[in-house]
Amino acid sequence: RPLTVAILGSSGAVGKELLALLEERSFPVGKLILLASHRSAGDIQSFCGTEVKVEETTKDSFKNVDLILASAGSSISRKWKDTIQSSGALMIDNSSAFRMDENVPLIVPEVNPSDAIKHKGVISNPNCTTILLALVLSPLTRHIPIKRIVVSTYQSASGAGAMAMEELEKLSQEVLDGKTPKSKVLPYSLAFNLFLHNSPLQSNNYCEEEMKMVNETRKILGDPELSLTATCVRVPVLRAHSESVNIEFTKPFPVKEAYEILEASPGVEILEDLENNRFPMPQDVTGRDPISVGRIRQDISNPNALELWLCGDQIRKGAALNAVQIAELLLPKNYE
Ligand code: 2RA
């Protein structure tokens, strides 16, 4: 039977991408409900050629809903989780609210699909940087076990929301117009600037974003002892993340085999032209589904380690696409 689907946080960048993907992928939507804050209520969005009005979220919003795709932040997800669960709907949550809850599967469909059916009404979408990394680590570790990962990220403004994307463009233009000297842009402005990810610092002096990569990757790969360290950086790019990854295995991993395995891995593409020194860039992946990988090479300092570079669209596979793919995993088998 056609499904009643609600998008919670439909006015945000990820919410809008969710809507586009449900249409693009012909997800079996019988009825669509767009939910947002009072501020966005009344806005009109288009779905499959029809206009859908955004509604303010209330306790009655989830009645008779089959699937909630939530992307309105952790506090909103926490606020409505119990109401959603009592309605019997499946909640696929893009926020970090429940990712480390032992009763909540944390899913990358190409990596751990079988964990999804263990849900008790809520499935969490991993952090964008984690999704991109796990998609690449999983096929490799299945071939030769991974011992340790060192990753540095180059994260786009979109990870901080639509406002941050607008600010990047606006302040960059102001600097170019000479209105704002480079030295005077906001302390955390991305205009001709980059900065260590400014999520809250933990007691170990890692930021929250870095610890998400550690903890979420361990959960998704089912390896609580996995050794991983991360440095997360915000860079002046609009909507695609990049990551430099060093992966140490239990024994040498032939580079040629790594290329072959990743080339054959779902959701991953090899994008490079060594003769022209051409490797994945954010603009190559923006608006596209795959994670692009390039410059896989033997670590010259460690015979058991490989280095590689990846780029992926933060809003798409880093959030909305992964969530829709999780929903597709769980479509009722008897759906006409
Ligand atoms: C960031 N990963 O890029 C976060 C947002 N989901 O800041």
Search result, residues across the stretch 103-141 that are more than 16 Å from the ligand (Cβ to nearest atom) and closer than 16 Å to L308 by Cβ: V136, L137, S138, P139, L140, T141
Residue satisfying all of: in the stretch 226-252; over 21 Å from the mean Cα position of the chain (by Cα) and more than 19 Å from Y206 (Cβ to Cβ); surrounded by the fewest Cβ atoms within 10 Å (Cβ to Cβ) among these: K251
Some residue of the stretch 253-264 being in contact (Cβ under 8 Å) with a residue 40 or more places away in the chain, crowded, with 18+ Cβ neighbours inside 10 Å and within 12 Å of L310 (Cβ to Cβ): yes
Residue list for the stretch 49-81, filter: in a helix (DSSP H, G or I), without any contact (Cβ under 8 Å) to a residue 60 or more places away in the chain and of a type outside the set (S, T, Y): R78, K79, K81
First in the stretch 145-163 and outside any strand (DSSP E or B), second anywhere and of a type outside the set (S, T, N, Q) and away from the ligand (no atom under 16 Å from the Cβ), Cβ under 9 Å, 6 or more apart: P145/D223; P145/F249; P145/K251; A157/E169
Residue within the stretch 4-20 that is touching a helix residue (DSSP H, G or I) at 6+ places or on another chain (Cβ under 6 Å) and under 13 Å from A327 (Cβ atoms) present: yes
Positions within the stretch 82-96 being outside any strand (DSSP E or B), touching a helix residue (DSSP H, G or I) at 6+ places or on another chain (Cβ under 7 Å) and closer than 20 Å to V5 by Cβ, in sequence order: N94, S95
Subset of the stretch 181-202 [more than 16 Å from the ligand (Cβ to nearest atom) and over 18 Å from R239 (Cα atoms)]: P181, K182, S183, K184, V185, L186, P187
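None of the figures in this text is laboratory data; all of them are computed from the coordinates on show. All of these numbers come straight from a predicted model, not from anything done at the bench. Cβ atoms come from the backbone with ideal geometry, glycine included; neighbour counts cover every protein chain shown.
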